[in-house]
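Asker: Below are the C-alpha cells for one structure; questions will follow.
Derivation of every value follows stated rules applied to the coordinates shown; laboratory data play no part. Just so we're clear, the structure is a prediction, and the values are computed from it rather than from any experiment. Don't worry about glycine lacking a Cβ; one is built from the backbone with ideal geometry, like all the others, and counts go over all protein chains shown.
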Ligand SMILES: [Zn+2]
Ligand SMILES: [Zn+2]
C-alpha cells in the first residue's frame, strides 16, 4: 500500500517487534452519538512501546495485529445524526477509552475502573495511529482556539497527571514530591503547581529530565546517590527541603527504590499515590507506612472531568505541555519514532498525520 493514497493508513503492531503500515477500512459510526475524527497528532506513550517490545502489559496480551497509539488530537470529519456538541471541522482531543456505561463502576462515576472498557491500543482494541477513528461525542473534548492540535495530543498524558494529582488531594501551599520525571511525572509536577503546591521536588536518575522538571514546575530536584538506602535518600531530601518533609508523594517511575524512598520521605499523615508501573512486586516499608499513618492509593488512567480540566489547564496557560515535545515526525516515520523512544531518547515524540489522502 501507499500511505498517501490509502483511505485509512494504519500503523499496526503485527507481533512483538514487528510493525507495518496497513490499509484498514474507514471505520463506520456505530451509534448516532458517534463522530469520526481525522487524526492529526499522536504522541507515543510508554505503553505503546511496551506492547511493541513485549507484546503484553500484565493480563493485556497482544494476540492479533493491533493499531498502536492512544494520545491523539484531530479534526471532526463526520457526525452522527444525534450529535449535538460537535460539528464537522471542530478540533478535538480524543479520550481514547470507552466504558460500558452500565456497570456499578460506570454508574458510580469511576468509569476508568470499568471491566468492559474498550481502550485504544490495549488488546484487543485498535489504537489511534491511523487516519480515521470513531468515538462517541462525549469522549471528544473540543479544543479552544488557543490550544493547538499538538497540545491536544498531550491532553491524554496530562489527564493522567490531573487524575493522579486529584487523587493525592494536593492542597494550596503544600509540598509535593514526584518520583520519576518522564512525561507523566513531569505533568504531575505541572498539575501540582497549578493546584497551588508551592514546594515541588522532582526525583530522577537522569539530570536532564530534572532540568526539564525545573523548567516545567519543580522548585527542587534530587538525583539519588548510588548505594544510598531509601532512608538515607529520604534524609538527604528532607535536609535539602530545609527539614520539612513533603505531605504528598506521587510515584511515577514504578521503581521499588522510589516507592521505598517515598514512604520514608513523607511527613506524618502524608498521602501517597502510585501512578508508575514497574516490577509487579516490590518490598515495602510497612512499619514506616503504619507509624506515620500514611494514606496510599493507586491511580489508573483518568475519569470524569479529567480531560476537561486538562484542556482548561492548557488553555489558561497554567500548564505548558509544549515543553515536553522533543521530536516531531511524519506518520510515514512512525517506526523510526518508536525506535527513538526505545533508545530512551526524547521526552514526548509526536507523530503528525497521516496527511489527507491524495
Ligand atoms: Zn499514554
Ligand atoms: Zn462499565
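Asker: Most exposed first by the Cβ proxy, i.e. fewest other Cβ within 10 Å, how do 139, 248 rank? Mind showing how you got there, number by number?
Answerer: Working: 139 18, 248 27.
Least to most surrounded, the residues fall as 139, 248.
Asker: Continuing with the same structure: Could you tell me how far the Cα centroid of region 1-65 sits from the Cα centroid of region 77-104, in Å?
Answerer: Between the Cα centres of region 77-104 and region 1-65 lies a distance of 19 Å.
Asker: Sticking with this one: Can you tell me which of 40-46, 69-75 comes out highest on packing, and rank the rest after it, using the mean Cβ neighbours within 10 Å? Mind dumping the intermediate values first?
Answerer: Details: 40-46: 24.6, 69-75: 27.0.
Averaged packing, sorted descending, gives the order 69-75, 40-46.
Asker: Further, regarding this structure: Expressed as a whole number of Å, what is the distance separating the alpha-carbon centroids of region 122-173 and region 326-358?
Answerer: For region 326-358 versus region 122-173, the Cα centre distance is 18 Å.
Asker: Mind jotting down a quarter of the surface of the convex hull over the alpha carbons of region 161-298, in square nanometres, one decimal?
Answerer: Values: hull surface 28.5 nm².
If I average the Cα hull's projected area over directions, I get 7.1 nm².
Asker: For region 161-298, calculate the relative contact order in percent as a whole number, restricting contacts to Cα pairs under 8 Å that are 6 or more residues apart. Show your work: numbers first, answer last.
Answerer: Values: 295 pairs, mean separation 31.9, N = 138.
About 23 percent, as a whole number.
Asker: Next question. Treating the angle as unsigned and between 0 and 90°, give the value, to the nearest 10°, between the Cα long axis of helix 230-240 and the longest Cα principal axis of the chain.
Answerer: 80
Asker: Return one number: the angle in degrees, 0 to 90 and rounded to the nearest 10, between the long axis of the Cα atoms of helix 155-168 and the longest principal axis of the Cα atoms of the chain.
Answerer: Value to nearest ten degrees: 30.
Asker: Relative to the longest principal Cα axis of the chain, at what angle does helix 207-216 sit, 0 to 90 degrees, rounded to 10?
Answerer: Between helix and principal axis, roughly 80 degrees.
Asker: Let me ask something else about it. For the residues 104, 332, 34, what sequence is obtained by ranking on other C-beta atoms within 10 Å, fewest first? Present the calculation step by step, with values, prior to reporting the outcome.
Answerer: Numbers: 104 10, 332 17, 34 22.
Listing 104, 332, 34 from fewest to most nearby Cβ atoms yields 104, 332, 34.
Asker: Further question on the same structure: Taking every pair of distinct Cα atoms and averaging 1/r, then inverting, what Kirkwood hydrodynamic radius in Å comes out for the chain?
Answerer: Final number for the Kirkwood radius of the chain is 20.9 Å.
Asker: Under 1.5 on a/c is rounded, so check that first for region 255-357, then, if it is not, pick prolate when a/b is larger than b/c and oblate when it is not; a ≥ b ≥ c are the square roots of the alpha carbon gyration tensor eigenvalues. Walk me through the numbers before you get to the answer.
Answerer: Values: a/c = 3.02, a/b = 1.82, b/c = 1.66.
Prolate, because a/c is 1.5 or more and a/b exceeds b/c.
Asker: OK, next. Restricting to DSSP H runs of at least four residues, report the calculated mean residue ellipticity at 222 nm for the chain, -39500 (n - 2.57) per run over all residues, nearest 500 deg cm²/dmol.
Answerer: Working: 11 runs with 101 residues, N = 358.
Helix contribution divided over all residues of the chain: -8000 deg cm²/dmol.
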